[in-house]
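The values are calculated or read from the model by the stated rules, or taken from the named source; none is laboratory data. Nothing here was measured: the structure is a model prediction, and the numbers come from that model. Heads up, the Cβs are rebuilt from the backbone with ideal geometry, glycines too, and the neighbour counts pull from every protein chain shown. These accessible areas exclude ligands, DNA and RNA; they are computed on the full protein's heavy atoms, side chains included. Shrake-Rupley method; radii C 1.70, N 1.55, O 1.52, S 1.80 Å.
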Amino acid sequence: MPSINTLGGPIDTTELGRTLMHEHVAIRTPGIGENWPELWDEDGCTVSAHEKLTALESRGIGTIVDLTTADMGRDMHYLDRVVRGTSINIVVATGVYWIVPRYWWNRDSDTLASVFVKDIVEGVQGTPVKAGIIKLASDHEAGGVNALNEMCLRAGARAHRQTGVPIATHNNPPELGREQQRVFKEEGVDLSRIVIGHVGDSTDVTYLKELMDNGSYVGM
């Protein structure tokens with residue numbers, strides 16, 4: 001049977017159980033807690049998140065897909081503390097959010113793809129935990145699918161092609177999903193391995209059907 005990488009290691013997909021596909025255990029701005037630790041109540045957030053995971057477990061949820069990328073504060077050590085004492089599986093993401101860190105502004109898709117591949121093949125943040133999904137995002141607040149965003153989408157597409165790991169997206173407004181599919185198709189991505197996210201904000205059934213007819217899942 002096929003397997004998927006999780007925080008606790010690879011598991012058979014039959015062990016996933018009921019799965020929430022687009023979650024964030026914690027979102028944090030990198031650099032804030034490191035410089036002003038009083039602004040990051042890690043212990044308090046750990047307790048709160050653990051309580052929420054325990055509640056999910058009691059309601060029959062077996063797995064959450066945590067689409068928090070490094071630039072959103074992804075932290076394997078924090079996740080390990082949060083999940084301890086529960087049986088919840090956490091699928092960890094690589095990728096990049098739509099507020100693209102300045103470091104990547106003058107670099108190319110292949111360079112960015114290489115760090116995604118490292119997260120998937122070697123492990124995240126110096127741990128043996130391997131990413132099981134690629135998170136990509138487009139948003140009108142950052143100019144939509146502009147040159148920088150397209151570079152990121154192509155990077156994720158290339159990491160997907162090298163590893164086979166699926167992609168889940170954020171897009172706002174939902175119509176940017178069409179542009180995301182265009183870029184992925186140009187990069188030779190199997191669109192059936194894509195979840196176009198946040199399209200529940202659209203009531204345009206024709207558009208939603210278009211995304212699905214192209215092969216992708218839709219995240220509502």
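Run the helix sum for the chain: -39,500 (n - 2.57) per DSSP H stretch of 4+ residues, divided by residue count, reported at 222 nm to the nearest 500 deg cm²/dmol.
Computed ellipticity for the chain at 222 nm equals -11000 deg cm²/dmol.
Assuming 0.36 nm per residue, please report the length gained on full extension of the stretch MET21 to ASP190 beyond their Cα-Cα distance.
58.9 nm
If we count trypsin sites (Lys or Arg not before Pro) as exposed when they sit in a DSSP loop and have at most 13 other beta carbons within 10 Å, what is the longest stretch of the chain that avoids them all?
The reported range is 108-220.
Looking only at ILE32, ILE167, ILE133, which one moves most when the chain is put into a Gaussian network model with springs between Cα atoms under 10 Å?
ILE32
Taking the chain as a Gaussian network, where each spring joins two C-alpha atoms under 10 Å apart, which residue of VAL199, VAL121, VAL165 fluctuates the most?
Residue with maximal mean-square fluctuation among VAL199, VAL121, VAL165: VAL121.
For a test of understanding, tell me how many lysine pairs in the chain have Cα atoms under 25 Å apart, given they are 8 or more places apart or on different chains.
8
Run the accessible area of the chain with a 1.4 Å probe and give the carbon-and-sulfur part as a rounded percent.
Here it works out to 52 percent.
Over the chain, calculate the relative contact order: mean separation of alpha carbon pairs under 8 Å at least 6 apart, over the residue count, as a percent.
17 percent
Out of all DSSP beta bridges in the chain, what portion is antiparallel? Express it as a percent rounded to 5.
Close to 15 percent.
Work out the P(r) tail for the stretch 95-218: percent of alpha carbon pairs separated by more than 23 Å, whole number.
Summing the P(r) of the stretch 95-218 above 23 Å gives 27 percent of all pairs.
Return the single residue from GLU38, GLU57, GLU186 with maximal mean-square fluctuation; model: Gaussian network over the chain, springs between Cα atoms under 10 Å.
GLU38
With Cβ to Cβ distances under 13 Å as the rule, what net charge do the other residues near LYS52 carry (K, R +1; D, E -1)?
Combined, the nearby Lys, Arg, Asp and Glu give -3.
With +1 on each Lys and Arg Cβ and -1 on each Asp and Glu Cβ, and nothing else charged, work out how big the dipole of the chain is about its Cα centre, in Debye to the nearest 20.
Magnitude of the dipole: close to 440 debye.
Under a 1.4 Å probe, what is the accessible area of the chain per residue, stated in Å²?
Accessible area per residue, the chain: 50 Å².
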